[in-house]
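Student: This is the structure I have questions about; it appears just below.
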Amino acid sequence: MDYRSKLKSINSKLIISFTFIMIVTIIAIRFFVNINFKNSFEKYVDDSNKVEINHLIEFDLKSIYLNDNWDIELIENLGIDYIRKGIAIEIYDENNNKVWSVFEDEKVLSDKTLNEVSKNMQSIEKKWNNYFEEVKVDIGDIDGNSVGYAYIGHYASTYYMENDVQFFNAANRIIAVIGVISIGSIIIISIIISKSIANPISKVSKMTKFIGEGNYKNEVTYKSNISEIDDLINSINKLSNELNEQESLRKQLTADIAHELRTPLTSIKGHLDTIIAGIWEPTNERLNSINEEVTRITNLVDDLRKLAKFDIGKNSLNKEVVNLRDYIKTIVYNYEGKALEKNIGIKYQLEDLEVIIDKEKFAQVIINILSNAIKYNNGNGKIYVKAFMKDNNVNISIKDSGIGIPESELKNIFERFYRVDKSRGANEKGMGVGLTISKSIVNAHGGEIKVFSEVNNGSEFLIILPNEN
Ligand code: ADP
């Protein structure tokens, strides 16, 4: 038997477990009810037999000898009455002469009744003992003088008469019917419960299979009233959305790369074709132009490498405690020269804060934003670098007085290869991946980047990091 064929569905597992638990419970209940019921019933039967015998001795036997005579008719009636209750009567006079005996005078009735009792009892209880017990009771006349005696006999063990047996069997049947009804209802309930669990799971499982085959756009629309299953459905939907997004990003990225590579390659090929055809001389100027395009491709490949490197999740961060003021200053100092070339002054306003960050990766964020602030600037302005606490978050702001970003473009600038100014002429313009990398690093730190900008007035990039101290 292979592994899969041994697997059971949730449905059958739940039904089997429920039924098993129920059967065990019912057997246990039946066992206890039986013992209890049997004990009480036996006690009741024993007590009533004792009451009958007492009544026989205290009342009935006292009225069978009247006016120096045995009232045979009464004795016979009593004898028949009592044998029907399993009690045998034999009457003797004071000279030991038999007056009346149920075993002789009502032989057929007494044999039949006692045999039936014995048979019934043995069918109920295999070990039932049919020992017959007799007591001798004196019989007196009205003045209390002894006129004879009686033997009163009955089975020593508890015995049931026909009526008792019928009652006992009926009670047992009721217990059995209750058991069957309980098992039946528990099976129905377990089918309903297991279906309510198994159905959504099998839907989710079909869905995950579907997603596994690459159909990320589908969502599980099923709503379950079981919170764990609802969570599972939400997670699967989230997963398929994420995969869908990743898939579109991957497609977009491939298209972008192809586009970015094609433009410089077409230009290089055009130049080389004309040179090879002998139309153009391979002058220094033309070779330089080809070289520029090659540099563009090299930069693109370099950016792609960086993008791959910084396209990170939380797990690949190598965090440590860093003094933010010293850290930012060290990075920004290296760019002061470049800023000065464009006559841009950098102003600092850094609080003495400790943060827990991946030093190397986070430096890339500051560098990207700062170099943009210098790049997208017509010169003669200022850049303000600030670090401060706000709402228990660490805030880092880099604000320039540069060219600014049109409001309609703000939502796009963090996209891969997105550039507000698409013209590729100016060498210093980048490939449009710096902010993508920065966002991904800040997000991996649990933070976010916000941007505020006004065309011709400048932009502010605000990094907000959760305070982990
Ligand atoms: P790039 O490599 O092109 O600089 P980024 O991802 O760093 O790519 O930036 C994306 C685009 O956002 C830039 O091409 C630019 O148009 C715009 N941008 C970024 N920073 C600034 C800024 N400080 N001022 C004006 N525009 C900016």
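Student: Looking for whichever is basic (K, R), surrounded by 11 or more Cβ atoms within 10 Å (Cβ to Cβ) and under 30 Å from N34 (Cα atoms) here; the options are K85, K127. Which one fits?
Tutor: Of K85, K127, the one residue that is basic (K, R), surrounded by 11 or more Cβ atoms within 10 Å (Cβ to Cβ) and under 30 Å from N34 (Cα atoms) is K85.
Student: Got a number for residues in segment 67-110 being of a type in the set (D, E, K, R) and out of contact with any helix residue (DSSP H, G or I) (no Cβ under 8 Å at 6 or more places or on another chain)?
Tutor: Summing the residues that are of a type in the set (D, E, K, R) and out of contact with any helix residue (DSSP H, G or I) (no Cβ under 8 Å at 6 or more places or on another chain) in segment 67-110 gives 7.
Student: Modelled with pLDDT under 95 and in contact with a Gly (Cβ under 6 Å, 6 or more places away or on another chain): is that true of N291 in this structure?
Tutor: No, not satisfied.
Student: Restricting attention to segment 94-124, which residues are part of a strand (DSSP E or B) and either loosely packed, with under 15 Cβ neighbours inside 10 Å or free of Cβ contacts under 8 Å to residues at least 24 places away in the same chain (or both)? Show your work before the answer.
Tutor: First, the residues of segment 94-124 that are part of a strand (DSSP E or B): 98-101.
Across segment 94-124, the qualifying residues are K98, S101.
Student: Further question on the same structure: Of the numbered conditions (1) farther than 17 Å from I328 by Cα; (2) modelled with pLDDT of 90 or more; (3) buried (at least 18 other Cβ atoms within 10 Å of the Cβ), K390 satisfies every one except a single condition; which is it?
Tutor: So the condition that K390 fails would be (3).
Student: Further, regarding this structure: Give segment 364-395 a look and list any residue that's more than 15 Å from the ligand (Cβ to nearest atom) and either within 45 Å of the chain's Cα centre (by Cα) or closer than 15 Å to E448 by Cα (or both), or say none.
Tutor: A387, F388, M389, K390, D391, N392, N393, V394, N395
Student: If you don't mind, another one. Just need a number here: residues in segment 211-253 that are among the charged types (D, E, K, R), open to solvent by 70 Å² or more (accessible area, probe 1.4 Å) and either farther than 30 Å from T436 by Cα or part of a helix (DSSP H, G or I) (or both).
Tutor: Total meeting the criteria: 8.
Student: While we're on this one: Return the residues of segment 396-423 that are more than 9 Å from the ligand (Cβ to nearest atom), of a type in the set (S, T, Y) and in contact (Cβ under 8 Å) with a residue 12 or more places away in the chain; say none if nothing qualifies.
Tutor: Residues satisfying the conditions are S397, S401.
Student: Considering every residue within segment 438-450, establish whether at least one is within 10 Å of the ligand (Cβ to nearest atom) and modelled with pLDDT under 90. If you could, list the steps in order and put the result at the bottom.
Tutor: Residues of segment 438-450 within 10 Å of the ligand (Cβ to nearest atom): 438-439.
With modelled with pLDDT under 90 added as a condition, the list becomes none.
No, because not a single residue in segment 438-450 is within 10 Å of the ligand (Cβ to nearest atom) and modelled with pLDDT under 90.
Student: Next question, about the same structure. Determine the pairs where a residue that is on the phi > 0 side of the Ramachandran plot, located within segment 317-344, has a partner that is in a loop (DSSP other than H, G, I, E, B) and open to solvent by less than 60 Å² (accessible area, probe 1.4 Å) with Cβ atoms under 6 Å apart, the partner being 6 or more residues away or on another chain.
Tutor: Cβ pairs passing all conditions: N343/G379.
Student: Does segment 350-360 contain at least one residue that is among the acidic types (D, E), more than 16 Å from the ligand (Cβ to nearest atom), part of a helix (DSSP H, G or I) and open to solvent by 80 Å² or more (accessible area, probe 1.4 Å)?
Tutor: If we filter segment 350-360 for residues that are among the acidic types (D, E), which is where we start, we get 351-352, 354, 358, 360.
If we keep only those that are more than 16 Å from the ligand (Cβ to nearest atom) too, we end up with 351-352, 354, 358, 360.
Narrowing the set further to residues that are part of a helix (DSSP H, G or I) leaves 360.
Filter once more, so that each one left must be open to solvent by 80 Å² or more (accessible area, probe 1.4 Å): 360.
Taking every residue of segment 350-360 in turn, at least one turns out to be among the acidic types (D, E), more than 16 Å from the ligand (Cβ to nearest atom), part of a helix (DSSP H, G or I) and open to solvent by 80 Å² or more (accessible area, probe 1.4 Å).
Student: Related question: Does S224 satisfy the condition of being small (G, A, S) and out of contact with any Pro (no Cβ under 9 Å at 6 or more places or on another chain)?
Tutor: no
Student: Would you check which residues across segment 159-191 are within 13 Å of F18 (Cβ to Cβ), of a type in the set (V, I, T) and open to solvent by less than 50 Å² (accessible area, probe 1.4 Å) and list them? Lay out the reasoning, then the answer.
Tutor: Filtering segment 159-191 down to residues within 13 Å of F18 (Cβ to Cβ) leaves 182-191.
Among the residues that remain, those that are also of a type in the set (V, I, T) are: 183, 186-189, 191.
Across segment 159-191, the qualifying residues are I183, I186.
Student: Also: What about R262, is it open to solvent by 90 Å² or more (accessible area, probe 1.4 Å) and either within 30 Å of V204 (Cβ to Cβ) or at pLDDT 85 or above (or both)? Break it down stepwise before answering.
Tutor: Details: open to solvent by 90 Å² or more (accessible area, probe 1.4 Å): yes; either within 30 Å of V204 (Cβ to Cβ) or at pLDDT 85 or above (or both): yes.
For R262, the condition - open to solvent by 90 Å² or more (accessible area, probe 1.4 Å) and either within 30 Å of V204 (Cβ to Cβ) or at pLDDT 85 or above (or both) - is met.
Student: Could you say whether any residue in segment 192-204 is out of contact with any strand residue (DSSP E or B) (no Cβ under 8 Å at 6 or more places or on another chain), open to solvent by less than 30 Å² (accessible area, probe 1.4 Å) and of a type in the set (S, T, Y)?
Tutor: yes
The values are calculated or read from the model by the stated rules, or taken from the named source; none is laboratory data. Note that the structure is predicted; figures quoted are calculated from it, not measured. With ideal geometry, Cβ positions are generated from the backbone for all residues, glycine too; neighbour counts draw on all protein chains shown. Calculation scope for accessible area: heavy atoms of the full protein, side chains included, ligands and nucleic acids excluded. Shrake-Rupley method; radii C 1.70, N 1.55, O 1.52, S 1.80 Å.
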